[in-house]
Structures are given as structure tokens and as C-alpha cells.
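Since the structure comes first, as C-alpha cells, the remarks are kept for the end.
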Amino acid sequence: MTMNELRALNTHLEILGKNVSEKEDNGFDNTIQEIGILKNEVHMMQKEFSEANQNAKSFTV
């Protein structure tokens, strides 16, 4: 997965979270929590991707 794909996924999750949170039904509480977990995972993947990219740059001459 590329950094752009991770950014797009993060944006999609943010929009999805906003759409779900606008619903008044309490049945969406778990979905909102799951979206938050997914957003955290995407953020960690972005961080790992950035770190790997920095490490790769340090090895190139």
C-alpha cells in the first residue's frame, strides 16, 4: 500500500465516521468505535511507511 492509498483510506474513514455519527440510532456506537480503531491503524501504517522511507533514504548513496 502506498502513502497516497493510506491517505485516501484515512480520508474515506473520516467521511464514513462523520456520516455514521450523524445517525441518531445507538446501534451505530460500535461502528463509530470500529472506524476510530481503523483510523488509528491507518495512522500507524502511515508512520511506519514514513519511517521505512526515511531508513531507505539513509541507505542510498
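Taken over the range 13-31, the residue count meeting the criterion of being at pLDDT 75 or above and surrounded by 14 or more Cβ atoms within 10 Å (Cβ to Cβ) is 4. No other residue among 48, 34 is at pLDDT 85 or above, among the charged types (D, E, K, R) and part of a helix (DSSP H, G or I) apart from 48.
The values are calculated or read from the model by the stated rules, or taken from the named source; none is laboratory data. Fair warning: this is a prediction, and the values are worked out from it, not measured in the lab. Positions of Cβ are generated from backbone atoms using ideal geometry, with glycine treated the same way; all protein chains shown enter the neighbour counts.
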